[in-house]
Amino acid sequence: MSASDPLLAPVKGAERREIGGVQMEVVRAGSGRVKRVIYRPGFRWSKDMKGIVGTDLCMHAHVGFLVSGQIHIEYADGCRLEFSAPQVVAIEPGHDGWVVGTEPAVLVEFDFEGETARRFGMPEDHRHGGAGHKGADPTA
C-alpha cells in the first residue's frame, strides 16, 4: 500500500493518535465510536503495547471489519483465530494479536470504549471453545 491509497488517507473529522506504533483515527457516532486502526507490519500486542497498557493481554473487545491485511489472535488458553481481509472481526478480551505478512492490517472498528463486549453481547473475557478456535473442543 502506498500513502496515496484511500485506505490510508486521513479520515475527515477524525481525532488522530498513535500509540505503540498503531495509528488510530476515531470519530464519535452516537454513544459509540467508529475507528480506523492501522497496524504496521511486524506489530505484536505483547511486544508493542503490553508495556504501555500494563496488562499481560489486550483486555478490549474488538468488533469490526478487516479491510486489508492479515492478523492472528491467541488467547491465554491457546485458542487461536486467524483473520484475512476482507473479513468481519469479533475478538473477545484477553488476547495477544499480531500482524502477519508484509502489509499493514487495516481494521475499521466499532466500539463503546470499556463497554464494547457488553454492548455487543460478548463475554467479558475469552471462554475456551467456539467456532473458529483452533484446538478447541467443539463439544465444550
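So the values come out like this:
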item	result
For segment 71-84, Karplus couplings with θ = phi - 60° (6.51, -1.76, 1.60), whole Hz, Gly/Pro x	10, 10, 10, 9, 8, 4, 7, x, 4, 10, 10, 10, 10, 10
Positive-end extreme of charge dipole, the chain - chosen from MET59, HIS95, LEU7 (charges on Cβ)	LEU7
For VAL67, distant residues with modelled amide H under 5 Å away	VAL106, LEU107, VAL108
Model label zone, PHE112; criterion: amide N under 19 Å from point 7 Å along Cα-to-beta-carbon; scope segment 57-84	59-65
Net charge dipole size for segment 16-113 [Lys, Arg +1 and Asp, Glu -1 on Cβ; Debye, nearest 20]	380
FRET efficiency for GLN87 and ILE52, using Cβ-Cβ distance with R0 set to 25 Å, rounded to 0.05	0.40
Phi to ³J(HN,Hα) by Karplus 6.51 cos²θ - 1.76 cosθ + 1.60 over segment 30-45, Hz, x for Gly, Pro	x, 8, x, 9, 10, 10, 10, 10, 10, 9, 6, x, x, 5, 9, 4
J(HN,Hα) series, segment 92-99, from Karplus relation 6.51 cos²θ - 1.76 cosθ + 1.60, nearest Hz, glycine and proline x	6, x, x, 9, 9, x, 8, 7
For q = 0.13, 0.15, 0.17 Å⁻¹, Debye-computed log10 I/I(0) when each Cα of the chain counts as one equal scatterer	-0.56, -0.75, -0.97
Total lysine pairs whose alpha carbons fall under 27 Å of each other in the chain (8 or more apart, or interchain)	5
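Readers should treat all values here as calculations from the given coordinates under stated rules, not as data from a laboratory. Here the structure is a predicted model, which is why all the values come from computation and not from measurement. Note: ideal-geometry Cβ built from the backbone for every residue, glycine included; neighbour counts use all protein chains shown.
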